[in-house]
Structures are given as C-alpha cells and as structure tokens.
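Q: First the structure, which I've put down as structure tokens, then a few questions once you've had a look.
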Amino acid sequence: MAWVTASEILVQAGAPTPPSVPDTEWAEVCAEAVSTGLDARLSDVEVDPLNAELHWVALESGVEAYKRREAVFGVTGYSDLQGVAIRVARDYLDSYAPIITRYTTPGIG
C-alpha cells in the first residue's frame, strides 16, 4: 500500500518547484521504501489505510529518507549537548516506532 507519495515528500521536504527529474526519482524510491517498511511492520494487523497518524509517520519518514542525501558521511550537521556529531538513524522508521507500536501491540487483539 502507498502510505505516502513522492509528490507529498517533495512538498514537505521543500524541494524546488518544479522538482528536477533526479529529485523526483529519489522521492519515488523513498516513498516506495517507506511504504514497504511500514507495510512490513503492520503486516499482522488490519489498519485503516486513511489513518492520519500513520500517514504522518510515512510522510515524516519519507522526508528523512529523502534528506539523507544531504547528510555528508552520514552526519546531519547537528551536534548533541556534548558536541558529538549526530548521525542519521539507520532505519528512518525507528524514530516513529512508539507510534507504530500502538497499532501492533503483541498479545492484544
């Protein structure tokens, strides 16, 4: 299921209008990856495809995946309070795991 589209990612990411062909192609890859990953995490449950919260998760994850191209050597350009460089997460859905878990809580149902 397509939880997010490339055009939604491009708008949310602030891409130039009209976006370049490479930007559009990259956004399509990100949208497909996020939708596939979210489907995998929700594979054992029935979820309304119009669920606004999960659409937001997909959109924000898609933007994170899309913007990773800008993270030189995996570093975001920000640092924590100790001055250590913050790296991009390996799994762009990990930040939203608590939200996703609300729909996949094992043993309830």
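The values are calculated or read from the model by the stated rules, or taken from the named source; none is laboratory data. Quick caveat: nothing in here was measured; it's all calculated off a predicted structure. Backbone-built Cβ (ideal geometry, glycine too); neighbour counts: all protein chains shown.
Q: Could you look through segment 67-90, keep only residues that are closer than 15 Å to residue 30 by Cβ and surrounded by 12 or more Cβ atoms within 10 Å (Cβ to Cβ), and pick out the one that is modelled with the highest pLDDT?
A: 67
Q: Being over 9 Å from the mean Cα position of the chain (by Cα) and assigned to a helix (DSSP H, G or I) is the requirement here; does residue 28 meet it?
A: Criteria met by residue 28.
Q: Name the residues in segment 13-31 that are of a type outside the set (Val, Ile, Thr) and in contact (Cβ under 8 Å) with a residue 12 or more places away in the chain, would you?
A: Hits for segment 13-31 are 13, 15, 23, 26, 27, 28, 30, 31.
Q: If I filter segment 8-39 down to residues being out of contact with any Leu (no Cβ under 9 Å at 6 or more places or on another chain) and aliphatic (A, V, I, L, M), which single residue comes out as nearest to residue 97 (Cα to Cα)?
A: By that ranking, first place goes to 33.
Q: Quick one: would you say residue 47 is of a type outside the set (Phe, Trp, Tyr), modelled with pLDDT under 90 and in contact with a Gly (Cβ under 6 Å, 6 or more places away or on another chain)?
A: No; evaluated as a whole, the condition is false for this residue.
Q: Show the residue pairs that are 6+ apart or on different chains and have beta-carbon atoms under 6 Å apart, the first residue being within segment 48-76 and over 13 Å from residue 35 (Cβ atoms), the second being modelled with pLDDT under 85 and buried (at least 21 other Cβ atoms within 10 Å of the Cβ).
A: Close Cβ pairs (under 6 Å, with a partner that is modelled with pLDDT under 85 and buried (at least 21 other Cβ atoms within 10 Å of the Cβ)) amount to 64/92.
Q: I've got another one for you. Of (1) surrounded by 13 or more Cβ atoms within 10 Å (Cβ to Cβ); (2) outside any helix (DSSP H, G or I); (3) not small (Gly, Ala, Ser), residue 10 satisfies all except one. Which?
A: Only one criterion in (1) surrounded by 13 or more Cβ atoms within 10 Å (Cβ to Cβ); (2) outside any helix (DSSP H, G or I); (3) not small (Gly, Ala, Ser) is unmet by residue 10, namely (2).
Q: Give segment 95-105 a look and list any residue that's in a helix (DSSP H, G or I) and either exposed (fewer than 11 other Cβ atoms within 10 Å of the Cβ) or at pLDDT 85 or above (or both), or say none.
A: Matches in segment 95-105: 96, 97, 98, 99, 100, 101, 102, 103, 104.
Q: Could you please let me know if residue 52 is more than 22 Å from residue 7 (Cα to Cα), loosely packed, with under 11 Cβ neighbours inside 10 Å and modelled with pLDDT of 90 or more?
A: Here the answer is no, as residue 52 does not meet what is asked.
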